[in-house]
1. Just grab the label-to-label distance for E62 and T28, each label 7 Å out from Cα along the Cβ direction, in nm (one decimal).
2. Would you kindly state how much longer the chain becomes between A55 and Q13 on full extension, computed as 0.36 nm times their sequence separation minus their alpha carbon distance, in nm to one decimal?
3. Note the angle between two axes, namely the Cα long axis of helix 27-63 and the longest principal axis of the Cα atoms of the chain, as a number of degrees from 0 to 90, rounded to the nearest 10.
4. Once label points are set 7 Å from the Cα along Cα→Cβ at both V4 and K43, what is their separation, rounded to one decimal in nm?
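Computed from the coordinates by the stated procedures, all read-outs in this text should not be read as laboratory data. None of these values were measured; they are calculated from a predicted model. Neighbour counts are summed over all protein chains in view; Cβ atoms, including those assigned to glycine, are modelled from backbone coordinates with ideal geometry.
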Amino acid sequence: MSAVDEQKKIEHQIEFATRAAALVKDETTGQRFRSFAEELRRKLRRMMRRGQVRARAYELWEQAGRPTGRDLDFWLDAERQLEEEREERKPSEASSKR
């Protein structure tokens, strides 16, 4: 199964769990569906983040001339860069939601 297919499957499951939570009468069951949907959202974010890290690491590797044996270095640099970018966006995201 491709990453895109997996992403669509998870999105469908999130939608299903969210709808089910809204429809059930039992609050405990509804909470379980909401928790399941949130767990799936976290999984989806991790999947998307891995794809972003992979693309950035590849970009860094190419910029460095495609050296061998430094995969982990590029992966860690990519993670660090993306995290820094995310942290830089946080204040502007918070102010834009007001």
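1. Those two pseudo-labels are separated by 5.4 nm.
2. On the way: separation 42, 0.36 × 42 = 15.12 nm, distance 2.62 nm.
Full extension of this stretch gives 12.5 nm more.
3. Here the helix axis deviates by roughly 10 degrees.
4. Once both label points are built, they end up 2.1 nm from each other.
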